[in-house]
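These notes concern the structure reproduced below.
Just so it is clear, none of the values below were taken in a lab; they were calculated from the coordinates. If you're wondering where the values come from, they're calculated on a predicted model, not measured in any experiment. Cβ sites come from the backbone with ideal geometry, for glycine too, and all protein chains shown count toward neighbours.
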Amino acid sequence: MRELVEQLAKGQRLDTKSLSALLKQCTLDDSLLQFLRDYAVRTARQQFGLGIYIRGLIELSSYCRNDCLYCGLRRSNRSAERYRLTADEVLECCREGYKLGFRTFVMQGGEDGTHSDAWLEELICRIRSLYPDVAITLSLGERSEESYRRLKRAGANRYLLRHEAADEELYASLHPDSRGIKHRLSCIEALQRAEYQVGMGMMIGVKGQTIDHIAEDLLLVQKYDCQMVGIGPFLPHRATPLGEEPAGDLRLTLAAVAIARLLLPKALIPATTALATLTPRGRLEGILSGANVVMPNLSPSDVRAKYAIYENKASWGKEAAEGLAALESELETIGYHIDFSRGDYA
Ligand code: SAH
């Protein structure tokens, strides 16, 4: 198995079967997992040194028209508390974030029908004119190609749209009455044509997902040669159909992050909030698997609990924008530091 890791590190292509065997073995053999993670960390250090980029996450809205089985914001969840930030509230988050040193704002949200192109366009233009030197990242789900282009012209730079599941059947089972993986990928292609820096990814351990599926997901991310890759464990939310399912496996998640790093050496890969929620050391373990980004929460404090895609989502302390000093001290324990630059894809 170690040869497979070495092949990956040399940039050789692996097929689904070998990648799947490697992932499987990593969950059984700690020394192999460590071997893989060490290669991933070396690769990340060659690209980024010991700096970790930060992104301020602003959660625009908890309204969503979709019904994704895993997500606490799904439209069928009657107990979800819904909110929607006003443009002025978003700008206040940006003001606060800029002062704290953030140079990327990520605006994420449910697919809220009231987020028209015109509304988003105006918001993006205002952010762009107030803060010409920041990167603006959007994560607002599936929109039309024309919409993606308009928002890009308004000043957005990056877009996160996890593909969620490369396997058609698995995708369909998790996303009832969605337009399917083919449509999801067509959105990703539209974003690439519009020249965004594009992020893909998936969660680990969601119901119905096998290790072969994860291998396929990783190869898909490689095939699309994307600039960002988000991988975190599935975490159950009580008020969803998957509420009784176990959370994703830590070691499998770390192995997947490490493989993503070797497949796409230059990619921006977050140590996800889900990983930090799964276990207190999650953020550090992610970085020690090749991740190079963290995304502290910059949403107004009174809405943070309401953006519950899963339960007990970390949004305070080191996961909070106000907690940068605590984050910096935590990073120092493993020899890393915050890199306050914009952190574009090179
Ligand atoms: N509506 C946007 C943003 C979704 S939230 C979109 O469709 O892209 C960002 C990511 O959180 C999702 O892509 C999903 O992979 C992840 N997520 C949602 N629910 C989750 C859960 N219960 N556990 C772990 N990750 C989850």
Scan around residue 135 for amide H atoms under 5 Å from its own, H built in the peptide plane at 1.01 Å from N, and keep only partners 5 or more places away or cross-chain.
-> 104, 105
For the chain, just give the cysteines left without a disulfide-compatible partner, judged by no other Cys Cβ under 4.7 Å.
-> 26, 64, 93, 94, 125, 187, 226
Most exposed first by the Cβ proxy, i.e. fewest other Cβ within 10 Å, how do 16, 43, 104 rank?
-> 16, 43, 104
Filtering trypsin sites (Lys or Arg not before Pro) in segment 247-284 by DSSP loop and by at most 16 other Cβ atoms within 10 Å leaves 266, 281
Would you mind putting 252-260, 68-76 in packing order, based on average other-beta-carbon counts within 10 Å, highest first?
-> 252-260, 68-76
Burial ordering of 35, 105, fewest other beta-carbon atoms within 10 Å first = 35, 105
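Taking the Cβ of each residue in 79, 61, 139 as the centre, tally the other Cβ atoms inside 10 Å and list the residues starting with the fewest.
Listing 79, 61, 139 from fewest to most nearby Cβ atoms yields 79, 139, 61.
Arrange the peptides 242-248, 317-323 so that the one whose residues have, on average, the most other Cβ atoms within 10 Å appears first. Could the numbers behind the result be given before it?
Numbers: 242-248: 16.3, 317-323: 18.6.
Taking the mean over residues of other Cβ atoms within 10 Å, the ranking is 317-323, 242-248.
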Would you calculate, for the chain, the mean residue ellipticity at 222 nm contributed by helices, counting each DSSP H stretch of 4 or more residues as -39,500 (n - 2.57) and dividing by all residues, to the nearest 500?
-> -13000 deg cm²/dmol
Let me know the shape class of segment 213-346, please: from the alpha-carbon gyration tensor, a ≥ b ≥ c as square roots of the eigenvalues, rounded when a/c is under 1.5, otherwise prolate if a/b is greater than b/c, or oblate.
-> oblate
Total charge of the residues flanking residue 32 in space, meaning their Cβ is under 14 Å from its Cβ, with Lys and Arg +1 and Asp and Glu -1, is -1
Taking Lys and Arg as +1 and Asp and Glu as -1, residues besides residue 269 with C-beta under 15 Å from its C-beta add up to +4
Hey, can you rank 294-305, 117-128, 327-338 by average C-beta count inside 10 Å, highest first?
-> 294-305, 117-128, 327-338
Sequence-distant lysines (8 or more away, or on other chains) whose Cα lies within less than 30 Å of residue 223 = 10, 17, 24, 152, 182, 207, 266
Check: C-alpha center segment 63-117 vs C-alpha center segment 259-301, spacing in Å is 20 Å
